Amino acid sequence: MGMDVYGTAPTSGAGEYFRNNVWWWRPLADYVTTAHADLTSGCQYWHSNDGDGLDGPAAAALGEALENDLTSGRAKDYADAYTARLDALPLEPCTYCNATGVRTDAVGKQLGLDTPRDPETGRGGCNGCSGTGQVQSWECSYPFEVENVAEFARFLKASGGFSIC
């Protein structure tokens, strides 16, 4: 699933369409709505694809603000802090194997994952955690990168407004 963002009156190809899958969209939307609450308040449903969006002047203003964030380093500072926070999250118990490193459920037995992982062949062990019993926090699935902000800023400035579908 993804968020398809369509320009309502694009002035160039850059403003016709912007897409992020849900993993990339959530942190981007969180950033823009937190960093620029005053400019994003016209769109109430940033995390829904129900057609909400911003009009042309508001989208252009947000695009300019995001470009300023990129130039000033604000977006990079946010990205660095975001990544550091994710990196600091503790590992969590694997739910596929109940933190044992070995899957004993029907799927695990069917796939031969019900024995400890052989370090030489890599066979066996839980496929959810590579036999370690621990996995990264689910939150680590949501990346944030400065380039995504830059692409969204380019889209916004040329979109003539947008709707999230």
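General remarks:
- Three-way shape label, region 24-85, alpha-carbon gyration tensor, a/c 1.5: oblate
- Among Leu28, Leu62, Gly51 the positive-end extreme of the charge dipole of region 1-118 (Cβ point charges): Leu28
- Nearest 10 degrees, 0 to 90: helix 74-88 Cα axis against the chain principal axis: 20
- In a simple Cβ point-charge model (Lys, Arg +1; Asp, Glu -1; nothing else charged), the chain has a dipole of about 420 debye relative to its Cα centre.
- A Gaussian network model of the chain, with springs between Cα atoms under 10 Å, assigns the largest mean-square fluctuation among Asn21, Asn98, Asn68 to Asn98.
- Size of charge dipole - region 91-135 - debye, nearest 20, with Cβ of Lys, Arg +1 and Asp, Glu -1, no other charges: 80
- Distance between modelled label sites at Cys140 and Val22, nm, 7 Å Cα→Cβ extension: 2.1
- Gyration tensor verdict on region 91-135 (Cα atoms; rounded if a/c is under 1.5, prolate if a/b is larger than b/c, oblate otherwise): oblate
- Our summary gives the chain a relative contact order of 40 percent, counting only alpha carbon pairs under 8 angstrom and 6 or more residues apart.
- If R0 is taken as 35 Å, the Cβ-Cβ distance between Glu120 and Thr95 corresponds to a FRET efficiency of 0.80.
- Partnerless cysteines in the chain, where a partner means another cysteine C-beta under 4.7 angstrom, comprise Cys43, Cys140, Cys165.
- Part-to-part distance (alpha-carbon centres) for region 40-105 and region 108-165, which is given in Å: 14
- Every Cα-Cα pair in region 39-152 was counted, and those over 19 Å apart are 65% of them.
- Between Val107 and Asp87, the FRET efficiency estimated from the beta carbon spacing at R0 = 25 angstrom works out to 0.25.
Values in this text are rule-based calculations from the coordinates and carry no lab data. Everything numeric here is computed off the predicted structure, so don't read it as measured data. Please note: Cβ atoms are built from the backbone with ideal geometry, for glycine as well, and neighbour counts cover all protein chains shown.
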